[in-house]
Amino acid sequence: MDDPFKTGCYGGIECFAVTANDRINRVKTFDRAQCQTALAMGDLQKSVERAVRIRLRQLDKQPRQPAPNPQDGMTVVFEDHGQDFLKFDIKGGRVIDARPFQSDMWSGAEVINETIHRGDHIALRHEHSSGVRTIRYPIDAVLPLKEGE
């Protein structure tokens with residue numbers, strides 16, 4: 001798994017959160033896999049390690065929810081590589097919105113993936129192009145779809 005403290009790629013250079021405060025802020029949104037990866041990295045600041053362990057305890061207390069899927073609805077967050085879109089809302093196996101830009105380009109595209117997980121790439125088929133197109137940006141997070149967002 002990639003470094004959970006990676007903040008993005010800007011101008012071809014990978015950037016990371018390195019200060020304790022920046023890392024602690026990122027830990028607040030980590031899932032279990034990201035927490036475990038962070039602990040396995042070693043050489044964490046003590047306050048960051050403490051924040052990761054607290055986050056794991058919080059995750060243990062949360063009720064388990066079924067993973068969202070492309071048919072039921074989900075929001076997919078892509079790693080930020082400077083592209084014009086960072087999120088896809090998917091419902092009924094189709095992209096229904098792209099944010100912050102290019103909604104008109106991606107809306108209506110059929111999602112080929114049966115399941116979508118962090119780190120995957122989305123494969124699409126669109127009526128305006130032939131064949132299957134794979135989005136080159138890996139998925140950073142998969143969230144339940146929030147209607148009207």
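Quick check for me: using +1 on Lys/Arg Cβ and -1 on Asp/Glu Cβ, what's the dipole size of the chain about its Cα centre, in debye to the nearest 20? Before the final figure, lay out the partial values.
Values: 21 positive and 22 negative charges, 145 e Å.
Rounded to the nearest 20 debye, it is 700 debye.
What is the calculated FRET efficiency for I96 to T7, with r their C-beta to C-beta distance and R₀ = 25 Å, to the nearest 0.05?
Numbers: r = 28 Å, r/R0 = 1.12.
About 0.35, to the nearest 0.05.
The C-alpha atoms of the chain define a longest principal axis, and helix 32-41 lies at about 50 degrees to it. Anisotropy class assigned to the stretch 1-102 is oblate, per the alpha carbon gyration tensor with a/c at or over the 1.5 cut-off and a/b no larger than b/c. Using Cα positions and a limit of under 20 Å, work out the aspartates and glutamates in reach of K28, with same-chain residues fewer than 8 apart set aside. Hits, sequence-local ones excluded: D2, D3, D43, E49, D60, E79, D80, D140. Between amide H atoms placed 1.01 Å from N, distances below 5 Å from F5 occur with no residue 5 or more places distant or on a separate chain.
Classify the stretch 74-144 as rounded, prolate or oblate from the Cα gyration tensor: take a ≥ b ≥ c as the square roots of its eigenvalues, call it rounded if a/c is under 1.5, otherwise prolate when a/b beats b/c and oblate if not.
Because its axes are fairly even, with a/c under 1.5, the stretch 74-144 counts as rounded.
Kindly flag which residue pairs out of K6/K87; K61/K146; K61/K87; K6/K46 have an alpha-carbon separation exceeding 21 Å in this structure.
On the way: K6/K87 18 Å; K61/K146 23 Å; K61/K87 28 Å; K6/K46 19 Å.
In this structure, K61/K146; K61/K87 lie more than 21 Å apart at Cα.
Distance between the pseudo-spin-label points of A20 and E127 (7 Å out from Cα toward the beta carbon): 5.7 nm.
Under 1.5 on a/c is rounded, so check that first for the stretch 67-113, then, if it is not, pick prolate when a/b is larger than b/c and oblate when it is not; a ≥ b ≥ c are the square roots of the alpha carbon gyration tensor eigenvalues.
On the way: a/c = 2.30, a/b = 1.46, b/c = 1.58.
It is oblate, given that a/c is not under 1.5 and a/b is not larger than b/c.
Amide H contacts under 5 Å for F78: K87, F88, D140, restricted to partners 5 or more places along the chain or on a different chain, H placed in the peptide plane at 1.01 Å from N.
Tell me, in nm to one decimal, what length is gained between E110 and D80 on full extension, where the rule is 0.36 nm per residue of separation less the Cα-Cα distance?
The E110-D80 span can extend by a further 8.6 nm.
Given +1 on the Cβ of Lys and Arg, -1 on the Cβ of Asp and Glu, and no further charges, what dipole in debye does the stretch 74-144 carry about its Cα centre, rounded to the nearest 20?
Numbers: 8 positive and 11 negative charges, 20 e Å.
The dipole magnitude comes to about 100 debye.
Relative contact order for the stretch 99-149 using alpha-carbon pairs under 8 Å, separation at least 6, rounded to a whole percent? Don't skip to the end; give the middle numbers.
Working: 56 pairs, mean separation 14.7, N = 51.
About 29 percent, as a whole number.
To the nearest 10 degrees, how steep is helix 46-61 against the longest Cα principal axis of the chain, on a 0 to 90 scale? Orientation of helix 46-61: about 60 degrees from the principal axis.
Under a Cβ-Cβ cut-off of 12 Å, what is the net charge of the residues other than L39 that fall near it, where Lys and Arg count +1 and Asp and Glu count -1?
+2
Since every read-out is calculated from the coordinates, none of them should be taken as a lab result. If you're wondering where the values come from, they're calculated on a predicted model, not measured in any experiment. In this analysis, Cβ positions are derived from the backbone assuming ideal geometry, glycine residues included, and neighbour counts consider all displayed protein chains.
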